[in-house]
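Inspection log for the structure reproduced underneath, given as structure tokens.
Bear in mind these aren't lab numbers, they're just calculated from the coordinates by the rules spelled out. Just so it is clear, the structure is predicted and the values come from calculations on it, not from any experiment. Neighbour counts run over all protein chains shown; Cβ positions are idealised from the backbone, glycine included.
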């Protein structure tokens with residue numbers, strides 16, 4: 001049950017009608033506009049809708065002059081933060097062949113070519 005205000009088993013239960021209306025409106029707004037619904041994930045509709053809207057996966061290139069938080073590039077190894085699950089993973093040109101999917105979710109792929117001085121590193125995600 002998503003809205004615990006109806007169960008009387010929590011401290012949030014209130015008999016005040018105005019508070020009930022406010023809480024219900026907040027719940028409905030969150031449910032309809034903020035929450036990622038499970039049916040979209042199960043049937044793969046999130047990816048389908050994203051591809052229909054944009055056509056391709058977004059790409060972000062690592063800039064050696066301005067790394068983001070939890071990003072680094074040393075030699076032929078680069079650390080990326082997955083934009084989907086927010087986990088940090090390392091891509092090595094020697095060990096992974098220059099390409100690796102996020103080990104946590106598999107929805108993003110980090111790439112590296114060359115070194116920081118004469119190469120490029122980027123991440124693609126769904």
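For a quick check: sort 61, 84 by the number of other beta carbons within 10 angstrom, fewest at the front.
61, 84
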**Item:** Amide N of the range 82-114 lying under 19 Å from the label point, which is placed 7 angstrom from the Cα of residue 59 along Cα→Cβ
**Value:** 82-84, 91-93, 97-102, 107-114
**Least to most buried among 124, 74 (fewest other Cβ within 10 Å first)** = 74, 124
**Prompt:** Fewest to most neighbouring Cβ within 10 Å: what's the order for 63, 72?
**Reply:** 63, 72
**Asked** What ranking do 18-28, 105-115 get when scored by the average of other Cβ atoms within 10 Å per residue, highest first?
**Response** 105-115, 18-28
